[in-house]
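Reviewing the structure listed below.
Every number in this text was worked out from the coordinates using simple rules, so none of it is lab data. Just so it is clear, the model here is predicted, and its values are computed rather than measured. Every residue, glycine as well, gets a Cβ built from its backbone with ideal geometry; the counts of neighbours run over all protein chains shown.
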């Protein structure tokens, strides 16, 4: 993969030419390993696989969403699933969130979602925590993702970020709570089950 950190910016067109076995995200044209930091030419691919806790949280949360959305127009997708946040502009932000919900079917194509999903969920891993909490937080807010959830399997907590007037307002939840998904009226997620051992 001909990637050099700091030498040029890449777009989705470049992304499509790269080896699919190396999962990469683009943030402002800079390639990042999906489960790690920036891609640097000549450096070994050091991409940790998701932890067992990460996968357990993802599986349970996906199941609860699937049951709620059955027969409804909104659709949920799990990683790997490509989200092109600025597909109509520079096309230089291509992310792979852990879970997304898209209610506008015109945003879906064979390659993923073009534009902001209604809900994005990221499950923290040690190698992605900074990117998820800071970089992706800023990009999702900028793109108009209406709701962004950040789940931490280690602390068994959820930060639910709700977009109001272009800014996220954050509410915290623990594994003792049932958390509402604001963009899906009537949907409540049992966090005790999500964070179960």
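Comparing 73, 126, 97 in a Gaussian network model of the chain where C-alpha atoms under 10 Å apart are linked, the largest mean-square fluctuation is found at 73.
When all C-alpha to C-alpha distances in the chain are sorted into bins of 10 Å, what percent of pairs does each bin hold, rounded to whole numbers? Answer for the chain: a P(r) of 9, 37, 37, 15, 2 percent. Only alpha carbons enter this Debye calculation for the range 74-113, each as an equal point scatterer, and the log10 of I(q)/I(0) it gives at q = 0.19, 0.23, 0.26, 0.28 Å⁻¹ is -0.50, -0.73, -0.91, -1.02.
Under the shape rule built on the C-alpha gyration tensor, where the axes satisfy a ≥ b ≥ c, the range 47-109 is oblate, since a/c reaches at least 1.5 while a/b does not exceed b/c.
Between residue 67 and residue 105, residue separation times 0.36 nm minus the direct Cα-Cα distance comes to 11.8 nm. For the chain, adding -39500 (n - 2.57) for each run of n ≥ 4 DSSP H residues and dividing by the number of residues yields -4500 deg cm²/dmol at 222 nm. The mean sequence separation of alpha-carbon pairs under 8 Å and at least six residues apart, normalised by the residue count of the range 52-194, gives a relative contact order of 18 percent. With the highest mean first, a sort of the peptides 82-95, 17-30 on other beta-carbon atoms found within 10 angstrom per residue produces 82-95, 17-30.
Of the peptides 168-174, 189-195, the ranking by mean beta-carbon count within 10 Å, highest at the top, reads 189-195, 168-174. With N the number of residues in the range 117-197, Rg(Cα) / (2.2 N^0.38 Å) evaluates to 1.05. Taking the fewest neighbouring Cβ atoms within 10 Å as the starting point, the ordered list for 66, 33, 182 is 66, 182, 33.
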